[in-house]
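The block underneath contains the structure these notes are about, expressed in structure tokens.
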Amino acid sequence: MDAKRFDAPPSAWGRAAGVVALAIATAAGCVGDIGGGDGRMGGGGSKKPAFVPAAPTIHRLSQVQLTNSWRALFGASLVPPPASALPSDDQLYGFTSISAATRTISPLDAEQYETATYGVLEQVWAEPAWRESVVGCAPTVSDGPCVANYFASFGRRAFRRPLEVEELARFVALSAEVATSTGELWEGLRFGTAAVLQSPHFLFRIESGESAPGDDAAHAGLLRFTSYEMASRLSFLLTDAPPSDTLLDAAASGELVDPMRVRSYAEALLHTPEARDTLVRFFRDFMSIGRLDQLDKSVDLFPQFTATLGPSMRTELEKLFLDTAFEKVGDFRQLFTTNRTFVNEELANIYGIAGVVGPDFVPVTLPDDGRRAGLLTTPGFLALNAHKTATSPTHRGRFVRISLLCEDVAPPPPGVDTTIPEPDPDKPTTLRERLEAHRESDQCRSCHMLMDPIGFGLEHFDALGQWRETDNGLPVDVASDLDGEPFEGGVELGQLVAELPSLGACVARRFYQHATAHLDKFGDQAAVDALVAAFVASDYDFKKLVIELVVNDGFRYASVPEVGP
């Protein structure tokens, strides 16, 4: 969404019989193609600069970010509305963050926000001690210093910047109007607070930037995100929560336009438990493993499948990421080679590991038998990239190509039959053999050659990720190659993928896209290249990737939006 500043105050309030509610502003338009744009600066005819980032964006808060924002304002004891009561989080190009930068508010969303807001405030206002601790004083008149000071302080934390004079005056006036009509000072404060919480300045992170300083020749003609905008960018990227008072104070002093100060604050945030949870959500999007919560397999073929098995698979992968990125040396590539993982009882049964009892996860070392090591041999990856009843070398290979190596694989041409022939009961064949026959078609060969050979190496694992020796009664063949490099089986495939330079480059690129909330098609290739180089130089340390991202020009600068006719 274009970051054309909401210069008007939060949109009109008013309700019959003196009951006031905020009508959420929805005037901001959406950009349809987040990957579009031609990377041009204004002033036609000039040579295209080496670095042309995207224009500033407006990011709608996700469900987690909204919940964390409420708790930051009212305390950790607040019970937030359930996710089902809030506008849904979608994904675009694989990431919730990119979708959030394209979303506005529908009438239904506005109703949900209003209901949720008043539900939150009912909890707080029902307890006098709680509401007084939030307000910080006991109001005696509707427009006195207590009310003004409250809205100035609360508004700063809610909007993540100081309120404009006109904004503060409007919230104070609204509160006074309701207090007068109801005869209750606290009612006035409640409705004024509701107006703050339904403002687009709370529900969205609104960024517009400021002109880069004249002595910054390297970024002439670009916008630099302001110190307050950087406070929000840092905090939401690393904790999915609004900036703390400490970070807001740093923003007020102008510290966060200095990349060294940005680095310092980011390093502090990265050591918090909240950062781990937030970066796990990035990994969940990156690997598409949120879909494991809805995993569906045939219970006739797989009687051990349960409603909790998919979520357990997701948890294993998330714990594996945390262990690799935070507990160990941080080399992201070890995700694909490690023999260490985490299982509970039902996952241990899939692995064939004895002695694990109950739902709690415990660390285990996989046997050195050549069967499993690394992410590509985990049941979660294998089951997610398979059919309900059968494996899919195509799906598994496609994921590696697109999501781990950042390569394009074109969809099937219109009208092409993608159905794989069923096995002939009189002439048994493996799925690999049937796929190889399917690739004889000229229309199928080019794309399937990119995907199937990768997936063939994982055919020792069935659709639930269990080890098998045969397919349709015939021995499984897992000898294959990746772009001419031979390998045999999932362990060797993981080692090969880990050694590919394109893996590290893809991880860095995808994190850049997640953090900036757009695809890197705006002329910011130089920024992406710098981030990739820093990631490689750090020996693929994921935590260092995060720190290098926040001081990267692509995270700190934007282009001036083009003005339409």
*Set the Förster distance to 25 Å, then compute FRET efficiency between Thr306 and Ala354 from the Cβ-Cβ distance, nearest 0.05.*
0.85
*What order do you get for 304-314, 348-358 when each peptide is scored by the mean count of other beta carbon atoms within 10 Å, highest first?*
304-314, 348-358
*For the stretch 277-499, just the Cα atoms, rotate onto the principal axes and tell me the three extents in Å, largest first.*
48, 36, 32
*Taking H placed 1.01 Å from N in the peptide plane, check which residues at least 5 places from Val343 or on another chain put their amide H under 5 Å from its amide H.*
Val362, Val364
*Which one of Pro139, Val476, Pro82 is farthest out on the positive end of the charge dipole of the chain, using unit charges on Cβ (Lys, Arg +1; Asp, Glu -1) and the Cα centre as origin?*
Pro139
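Kindly identify the stretch 62-120 as rounded, prolate or oblate by the Cα gyration tensor criterion: order the square roots of the eigenvalues as a ≥ b ≥ c, call it rounded if a/c is under 1.5, otherwise compare a/b with b/c, prolate if a/b is larger, else oblate.
Numbers: a/c = 2.48, a/b = 1.47, b/c = 1.68.
Oblate, because a/c is 1.5 or more while a/b does not exceed b/c.
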_Output wanted: per-residue J couplings in Hz (rounded whole) for the stretch 326-335, from phi through Karplus 6.51 cos²θ - 1.76 cosθ + 1.60, θ = phi - 60°, x for Gly and Pro._
10, 8, 9, 6, x, 6, 4, 5, 5, 4
*Taking amide hydrogens as modeled 1.01 Å from N in the peptide plane, which residues meet the under 5 Å criterion relative to Ala55, leaving out close sequence neighbours?*
Ser559
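Taking the Cα centre of the chain as origin, sum charge times position over the Cβ atoms of Lys and Arg (+1) and Asp and Glu (-1), and report the length of that vector in debye to the nearest 20.
Details: 49 positive and 76 negative charges, 219 e Å.
So the magnitude is around 1060 debye.
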*asked:* Less than 11 Å Cβ to Cβ from Ile350, Lys/Arg counted +1 and Asp/Glu -1: what total charge do the surrounding residues give?
replied: -3
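Would you count, across the chain, every pair of lysines whose alpha carbons are under 16 angstrom apart, provided the pair is eight or more residues apart or spans two chains?
Values: Lys48/Lys521; Lys297/Lys388; Lys319/Lys328; Lys319/Lys543; Lys328/Lys543; Lys328/Lys544.
Taking the chain as the scope, the lysine pair count is 6.
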*asked:* From the phi angles alone, apply the Karplus equation (6.51, -1.76, 1.60; θ = phi - 60°) to the stretch 497-503 and give each ³J(HN,Hα) in whole Hz, x where the residue is Gly or Pro.
replied: 4, 4, 7, 6, x, 5, 5
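Going by average Cβ density within 10 Å per residue, which order do the peptides 171-179, 371-379 take, highest to lowest?
On the way: 171-179: 22.1, 371-379: 24.4.
Ranking the peptides 171-179, 371-379 by packing returns 371-379, 171-179.
If you take the square roots of the eigenvalues of the alpha-carbon gyration tensor of the stretch 373-485 and sort them as a ≥ b ≥ c, do you get rounded (a/c under 1.5), prolate (a/b over b/c) or oblate?
Numbers: a/c = 1.60, a/b = 1.04, b/c = 1.54.
Oblate.
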*Go through Pro412, Asn149, Thr104 and say which Cα lies farthest out towards the positive end of the charge dipole of the chain; charges sit on Cβ, +1 for Lys and Arg, -1 for Asp and Glu.*
Asn149
*Which entry in [x] 1.02; [y] 1.52; [z] 0.96 is this structure's computed Rg/Rh (Cα atoms, Kirkwood Rh)?*
[x]
_Below 9 angstrom from the Cβ of Arg468, what's the summed charge of the other residues (Lys, Arg +1; Asp, Glu -1)?_
-4
*Taking H placed 1.01 Å from N in the peptide plane, check which residues at least 5 places from Asp481 or on another chain put their amide H under 5 Å from its amide H.*
Phe487
_Translational diffusion coefficient of the stretch 132-232 at 4 °C, 1.567 mPa s, Stokes-Einstein with Kirkwood Rh over Cα pairs, in µm²/s as a whole number._
86
*Which of the peptides 458-464, 256-262 is most tightly packed, and how do the rest follow, judged by the mean count of other Cβ atoms within 10 Å per residue?*
458-464, 256-262
*Each residue of the stretch 362-373 in turn: what ³J(HN,Hα) in whole Hz from Karplus with 6.51, -1.76, 1.60 and θ = phi - 60°, glycine and Pro shown as x?*
10, x, 9, 9, 6, x, 8, 10, x, 8, 9, 5
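Every number here is computed from the coordinates shown, using simple stated rules; none is lab data. Bear in mind the structure is a predicted one, so any value in this text is a computation, not a measurement. With ideal geometry, Cβ positions are generated from the backbone for all residues, glycine too; neighbour counts draw on all protein chains shown.
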